[in-house]
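The next block holds one structure in the form of structure tokens; read it before the comments.
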Amino acid sequence: MKKSLILPAAYAITTVLGLAQNHPDQFAVSSTSLHNGGALPAEFTCDGERASPPLAWSNPPAGTRFFAVTMHHIPGPGDTHVYMVIYNIPGKVTSLPKNVRDVGAWGINTVNGQREYTPPCSKGPGAKTYTLTVYALSSEAKFADPDKPVTRDMLLAAIQDKTLATAAIDVTYSRSGTVAGPRVPPELERALSGLTLSDEQKQAVQTTMQQYGARQRQLREELLKQLKTVLDAAQYAKVEAAMQQPPPPPDRRQ
């Protein structure tokens, strides 16, 4: 699929979705671990090694001097989760290795607010779509305050008139395990574990616990939405990251 847009600077931005072999004469991104529309392997998520995926790109437009790379997910209208921001990658670089660390300059993610890759932790039912984008740039990205952490939005604004072409891969991911979140109070868990229940009672208790868990997850999401309105971006990122961590095991001491 190909889209073109004429910019005031007379650059043609061509967006390529998929692997390089689909459009051999156009700017394209590929990966030894990913393919467009495929699943994101667990090793690149919070269920695995938490490593960033390897990427490679080819056929950049004439005049390309730098590259930038981002990874993001849009969970809903007006909301974007960002997992990786790298910019001012020298034009001679045409790939990023797995778990890249020392290439280009790093912006911050929205999960923990750090200059690093943070892996997706898909929440809720169904597969989520994550987009990795490579930008071919005519010059380096510059910012008014070089010491201020660079967000994806800041980067996109800075390279708006420098972007010659973009290439992207969409991947999907669905959690293999349960989503971290509130659990049954440990004192209740201890009390129930000490009871001898009939099969009918066990089924009823299990149903009740599932309903409890669903309500707790709903309350958790509502809490996060409220916190997002009162905290700044960095504060909220720390809170969200902390709440994505698995809960501690219950204290089973009597």
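Structure values in brief
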item	result
Search result, residues across the range 1-17 that are out of contact with any Gly (no Cβ under 8 Å at 6 or more places or on another chain) and either at pLDDT 90 or above or not in a strand (DSSP E or B) (or both)	7, 8, 9, 10, 11
Count - residues of the range 35-55 that are surrounded by 17 or more Cβ atoms within 10 Å (Cβ to Cβ) and among the small types (Gly, Ala, Ser)	2
Residue list for the range 20-31, filter: at pLDDT below 90 and either in contact with a Leu (Cβ under 8 Å, 6 or more places away or on another chain) or exposed (fewer than 15 other Cβ atoms within 10 Å of the Cβ) (or both)	21, 22, 24, 25
Yes/no for residue 94 being at pLDDT 95 or above and either surrounded by 15 or more Cβ atoms within 10 Å (Cβ to Cβ) or not basic (Lys, Arg) (or both)	yes
Which listed residue is out of contact with any Phe, Trp or Tyr (no Cβ under 6 Å at 6 or more places or on another chain), of a type in the set (A, V, I, L, M, F, W, C) and either within 23 Å of residue 36 (Cβ to Cβ) or touching a residue at least 24 places away in the same chain (Cβ under 8 Å) (or both), from 108, 89	108
Selection status of residue 34, at pLDDT below 95 and either closer than 30 Å to residue 112 by Cα or of a type outside the set (Phe, Trp, Tyr) (or both)	yes
Residue in the range 166-176 that is at pLDDT 90 or above, outside any strand (DSSP E or B) and surrounded by 10 or more Cβ atoms within 10 Å (Cβ to Cβ) present	no
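The values are calculated or read from the model by the stated rules, or taken from the named source; none is laboratory data. Just so it is clear, the model here is predicted, and its values are computed rather than measured. Cβ sites come from the backbone with ideal geometry, for glycine too, and all protein chains shown count toward neighbours.
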